[in-house]
Structures are given as structure tokens and as C-alpha cells.
Amino acid sequence: MGRFGASRRFILPAALCLIVALAHPAAADGPATILDGNHPDEAAGIVGAAAASPSQTLAMRLTMALRNSGDLARLIAAQQDPASPEYHRWLTPDEFTSRFGPTDADLARVTRWLKRKGFAVTSADASTREISFTGTVAQAQNVFSVKIAATAYGRLYSNLGDPTVPAELAPLIESIRGLDNLLHSAPLIRRSSPASVVDDTGPAFGPADIYTFYDETPILNRDLDGSGNGCVAVVEDSNIDEVAANEFNSQFGLPALTGSNFSTVLVDGTDPGQNSDELETMVDVSYSHAVAPGSNIRIYLGDEQHSSAGAILDAIHAAVREKNSPCTAIGISFGFCGGSKGFYKTQSGFFAQAAAQGQSVFVATGDNGAAGLKVDAKTESCVTGTTRSINELAGSPNVTAIGGTEFTPDYEAGNDVGFVAESVWNDGSGAAGGGESRYFKKPKFQKGIIPTDKKRDVPDISFGASPESPGFFYGSRDSGGAPTVTCCVGGTSIGAPTWAGISQLISQANGAPVGNLNTRIYQLGVQANGATTGIRDVTMGNTNFNGVTGFSAGPGYDKASGWGTVDMGLFVPAYLGP
């Protein structure tokens, strides 16, 4: 399934723009500036020499840069520093926009320029930092000084170079999207050969097995179940089968999903129904609910048929911008292909807003090992890549990147009886994503960990992911349409919602949201004492996949498993300790 997207955000305005004065025919307004990183890296290998139709209409979006980006970075750091007066003092969405969003005057300046160039501006909103506008391919090529070429199959197109804008406006502009339609999203989930089961034991993991293996039982026995602080948001593009989800809950002794603990926000105004991504939604809801059974769960549901930006992007942005009881944790189990540096920097700006608002964001690192994802022009979808890459959405330093492991449990009467050593997930059906970002510099919390690459490394930490070893149960329907529990599913999609649930346990124990977990995870990781920190080192396995050489696990931090996995009974109190 292809998903056409456009970005909405912001951050690092001056750094994103290569401020170079050019004497260019398209720059009738004076010197022009190239917006660095605003064309897809994959464009040259996908589109051909043929130009796109000059009369084709493009729906474009210009994202305004954040103001005071240095102040924002300092604020986010201070919010995680117990010695700072800003420690855990979170902003509301309105406060964030007031301090870091574009001014009305700046928004008006850019809007006037677009109109003067002949574009039809359909909306301009300071709260979303976005200007939506339309124009033809010919207009866009002339105004932005780019060539837009098409694929041999005709439907995909892209600008082959970065757009130019007036130098005086460049510091105000984060990115321009819509000059291409290469961006697609993909759920990060893997399914094994299904086999329906009729009870809650078997050769796979359910919630009780997670409680035993990852030592959550002592936490639950302390009445820490994720209740009392916000909710878990999961971002989706398919609705869920609630009857099947509640069959899963009933079979594993979890609270039913009802109107009091479960809700859906239709971010595009329409319900896409249950489609091919329904399993992703089922897993995200079920496993965030399993780990934090007392927390409210909220689906932010985009509709690809009624979205000009992309359903998953709409859902992410809505979860961050929510003003009515925003969720304190956000799980994202999707990756993208066909994105640009500007696109990922813009999304990182959204995640910076989430961090400043005290929201903990978790992004799966992907299921294609070191190969990552790339665009297939013929199928117009994401497929396994052929060179080293990561899920750059997880590369933002403002999210916690979640990798994956595999292991062979010890069962008695079908129930897990305790922890065994884990290795990096790489079982033939897929492999955990990991590596170094192409776009993000090494953040402060990673300084000194792997000093040679100077880049943001992922994952930060991991969780079980293999659909085979052990495999995870999920709710579904049998051949007769009756709700049942089925084996098995996996993917780094298991870890993102699970870690969102873990953050809810920490927030409940803390009595307030804790925001981005990375600073504290790395502080605990370098202590190298899992007996007190609750971080279990993973030292076996690698991310080699599809002929691409990846990274191997070893003692301490690595680009295959991050710091390892978790012993919740130790990690939750250690996180809140000195």
C-alpha cells in the first residue's frame, strides 16, 4: 500500500538552510538560497530523464522553521536535568507555539511571496506552522529552480535537486514538501504461519509470559499498572477489530477495552475502517495495554484516502498537537521510504515539541536489519533495501529508538518460567534495524559511547521481536468469523508500544510524566550493572540482512541492540532513583 505524504514541521532553521547567495533566474526577488536536503536521496535512482507533465497540479506544503531553536534545545536538556529549575516543567501545545512557533508576521511574509509567485494558497496556520498551496509542475520548476522528473511507470515523480527560495525568507522556512511523491510508509510487523489456539498457553508469548520473562510481576504487585497519568497514543492508518481485541484481553485476563479506557481520534475526519494494516493496530493496542493495563489507550487514526499529507504523518502530528488531555506516551510502529533529510529534520521538530511537552515517544527501528527500506517504483511501496540504512524516523534524538531480540524461552506447561539470554533478532523472517543516521548528529546523551561515527546511533534499547522465537499471540478471527487468539506475530512493532507502556509505569510511579527517556537510559546503561539498573545486556547476534553487512552485538552499547533489553522490576525504580 502506498502512502503519499507531506511534512508539517520545523526545527533547526538556520542549520537546515545552506545560506548561499545565488544569482539565479528564478530568484527575481533578489539573492536565492538553496534549502539543503529537500529532495529525496532515492530520487536519482528512481526517476528517469523524462520530465513530469508541466500541467500536472501539485499539492505542496511549506513548513515554517521553529523560532529560537537554540533556546528549545537548552530547554529540553534542562527539563531532564534534576539540578535545573526547568526539571520536568512541561509546556502545553499553546505555550510551545507561543515560544517556538512562527510569528504571524513571518507566516504572512512567506504566504505573500507564494501568492506573488502565482501559487494558490489554501491554508496558512501558525499553530501547525504550515502553509498549504497548489501549483503546476511548470510553476514549481520555475519558482523553486528545480527539475521534476517522472519514473518509467509514470505515477511517481520527484525533484532532482533542492529548491531555492529568496535568501531573506530562507531562515523562516524549514522544508517544502510535495515536489515529489516518493514518500511511503510501512508497518514494521512480521507474521509467522498462523495457527489458532484456544487457551492462553502454547509455544509463544502472551502478556503473562512477558510479565515473567521481563520481570514485570513485582511492578504489577505494587499496583503500578500505568494508571493515573495521561494515556498511550498509538498512530495508525487502519481501525481495529475491537471484538477480536477483547477476545485477546479476555483470554489473558486483561481489562476489556471500553469507552472508559479506550478511544479513537479520527485525525482526517473519516474512518478508514479495517484494512491491510489492521494487524499493526491490533498489536500496538494489545501490547501497550498488556504492559500498562491500567492506562488509557488512544488510537490516532489517519485515513489515506482523505489525507494530503499522509495518514501516518497526520496521526503523529495530531498526537503531538493534542490540546485536550494529550497522551503522555506515543508509540510509532511505522517506517518510511522515499524521505529526504528535510523531511526527517521536520519530523524531528515535531518530536522536539513532544519532548518539551513531557511526551515520551518510542519508534521501532525496523524489520529489515541493516538494509532498511527503499522505494520500489513499480509497486509504489517500501521494500527491503540493498545498502546500509536505518529508519530515520527513529533517528531523531527526541525519540527512543526500539530494536528487537529473539530467544528460546523455558516453558513449563506452556508458560514461561523466567529469563534466558537474548540475541539480536535475525531469524530469516526479518531482522532488527540498527546503525547510524545519515542526517542526525550524535546527541549529547550518546557522546563518548561510539565516538568514531559522530552520528546518532540506533537503537537505544530493545525488546522481544521475533515472530518465531518466541512469537507473540494476537487477537483475530477464525475462518468462520469468530473472534480468537492466534499465533504468531513479531517485528520491532512489539517493542515500540511495549516501551510506551513501560513509560506509563514510570510516570505513575513518579506521579507525573517523565518525557523523553534517553538521558536516563544512557545514564543507567553506562553504569554497566544490570543487577541494579534493570538493563540486560545483549551480546549475541547481528543485523546482517539481504546481503547487507550490519552490526554485531557485544558488551555494552552497540548498534544492533542498543543497551540491551529490560528487567522491569529493577528498571522502573532505578529510573526514578538518584
Query raised in the report: Can you name every residue in the stretch 404-423 that is assigned to a strand (DSSP E or B) and farther than 19 Å from Cys488 by Cβ?
Result: Glu412
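Residue-by-condition table, conditions (1) open to solvent by 10 Å² or more (accessible area, probe 1.4 Å); (2) more than 25 Å from Gln79 (Cα to Cα); (3) among the acidic types (Asp, Glu):
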position	(1), (2), (3)
Gly501	no, no, no
Gly515	no, no, no
Ile521	no, no, no
Leu524	no, no, no
Val538	no, yes, no
Pro555	yes, yes, no
Ala560	no, yes, no
Requested in this report: Would you please list the contacts, defined by Cβ atoms under 8 Å and residues six or more apart or on different chains, that run from a residue in the stretch 461-482 that is within 16 Å of Val566 (Cα to Cα) to a residue that is open to solvent by 10 Å² or more (accessible area, probe 1.4 Å) and of a type in the set (Val, Ile, Thr)?
Outcome: Ile461/Ile535
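Conditions (1) at pLDDT 95 or above; (2) surrounded by fewer than 22 Cβ atoms within 10 Å (Cβ to Cβ); (3) under 30 Å from the mean Cα position of the chain (by Cα); (4) under 29 Å from Arg109 (Cα atoms), marked per residue:
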site: Ser145; (1), (2), (3), (4): yes, yes, no, yes
site: Ala152; (1), (2), (3), (4): no, yes, no, no
site: Thr164; (1), (2), (3), (4): yes, no, yes, yes
site: Leu179; (1), (2), (3), (4): yes, no, yes, yes
Requested in this report: For the stretch 475-487, state whether one or more residues are modelled with pLDDT of 95 or more and within 15 Å of Glu406 (Cα to Cα).
Outcome: no
Query raised in the report: When both residues are 6+ apart or on different chains and their Cβ atoms are under 8 Å apart, which pairs have a first residue that lies in the stretch 88-106 and is surrounded by fewer than 18 Cβ atoms within 10 Å (Cβ to Cβ), and a second that is acidic (Asp, Glu) and in a helix (DSSP H, G or I)?
Result: Arg99/Asp71
Report summary line: Screening Val110, Val121 for residues that are among the β-branched types (Val, Ile, Thr), outside any helix (DSSP H, G or I), surrounded by 13 or more Cβ atoms within 10 Å (Cβ to Cβ) and at pLDDT 95 or above leaves only Val121
Requested in this report: Would you list the strands (runs of 3 or more DSSP E) that sit entirely within the stretch 457-567 and hold 1 or more residues that are of a type in the set (A, V, I, L, M) and over 19 Å from Ala204 (Cα atoms)?
Outcome: 461-464
Report task. Among the residues of the stretch 225-265, write down those that are under 12 Å from Leu301 (Cα atoms), within 19 Å of the chain's Cα centre (by Cα) and of a type in the set (A, V, I, L, M, F, W, C). Result -> Ala233, Val234, Val235, Val265
**Report entry** Among the residues listed as Phe213, Phe248, Phe252, the single one being closer than 19 Å to Phe473 by Cα and out of contact with any helix residue (DSSP H, G or I) (no Cβ under 9 Å at 6 or more places or on another chain)
**Finding:** Phe213
Query raised in the report: Quick one: is Ala140 open to solvent by less than 20 Å² (accessible area, probe 1.4 Å), at pLDDT below 95 and outside any loop (DSSP other than H, G, I, E, B)?
Result: no
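Conditions (1) farther than 30 Å from Gly515 by Cα; (2) among the acidic types (Asp, Glu); (3) modelled with pLDDT of 95 or more; (4) open to solvent by less than 50 Å² (accessible area, probe 1.4 Å), marked per residue:
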residue	(1), (2), (3), (4)
Ala377	yes, no, no, yes
Cys382	yes, no, yes, yes
Ile390	no, no, yes, yes
Val424	no, no, yes, yes
Query raised in the report: Within the stretch 232-277, which residues are within 29 Å of Ser185 (Cα to Cα) and β-branched (Val, Ile, Thr)?
Result: Val232, Val234, Val235, Ile240, Val243, Thr264, Val265, Val267, Thr270
Requested in this report: Kindly list the number of the only condition in (1) out of contact with any strand residue (DSSP E or B) (no Cβ under 8 Å at 6 or more places or on another chain); (2) surrounded by fewer than 20 Cβ atoms within 10 Å (Cβ to Cβ) that fails for Pro483.
Outcome: (1)
Query raised in the report: How do the helices (runs of 4 or more DSSP H) wholly within the stretch 1-106 filter down when requiring 1 or more residues that are modelled with pLDDT under 95 and within 30 Å of Ala138 (Cα to Cα): which remain?
Result: 13-16, 43-46
Requested in this report: Please list, ordered by first then second residue, the pairs with beta carbon atoms under 8 Å, 6 or more apart or interchain, first in the stretch 260-289 and under 21 Å from Gln305 (Cβ atoms), second part of a helix (DSSP H, G or I) and open to solvent by 50 Å² or more (accessible area, probe 1.4 Å).
Outcome: Asp268/His306; Gly269/His306; Thr270/Gln305; Thr270/His306; Pro272/Gln305
Query raised in the report: Quick check, is Arg61 farther than 21 Å from Thr328 by Cα, surrounded by 20 or more Cβ atoms within 10 Å (Cβ to Cβ) and among the basic types (Lys, Arg)?
Result: yes
Report summary line: All conditions in (1) more than 21 Å from Gly339 (Cβ to Cβ); (2) open to solvent by 10 Å² or more (accessible area, probe 1.4 Å); (3) assigned to a strand (DSSP E or B) are true of Glu436 except (1)
Query - Residue tally, condition touching a Phe, Trp or Tyr at 6+ places or on another chain (Cβ under 6 Å) and of a type outside the set (A, V, I, L, M), over the stretch 491-541 - result: 10
Query raised in the report: Do we find that Ala195 is surrounded by fewer than 19 Cβ atoms within 10 Å (Cβ to Cβ), within 30 Å of Thr498 (Cα to Cα), at pLDDT 95 or above and small (Gly, Ala, Ser) in this structure?
Result: no
**Report entry** So Phe419, is it aromatic (Phe, Trp, Tyr) and open to solvent by less than 10 Å² (accessible area, probe 1.4 Å)
**Finding:** no
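The values are calculated or read from the model by the stated rules, or taken from the named source; none is laboratory data. Note that the structure is predicted; figures quoted are calculated from it, not measured. Here Cβ is always computed from backbone atoms with ideal geometry, including for glycine, and neighbour counts include all displayed protein chains. Ligands, DNA and RNA are stripped out before the accessible areas are found, and what is left, the full protein with its side chains, is counted by its heavy atoms. Shrake-Rupley method; radii C 1.70, N 1.55, O 1.52, S 1.80 Å.
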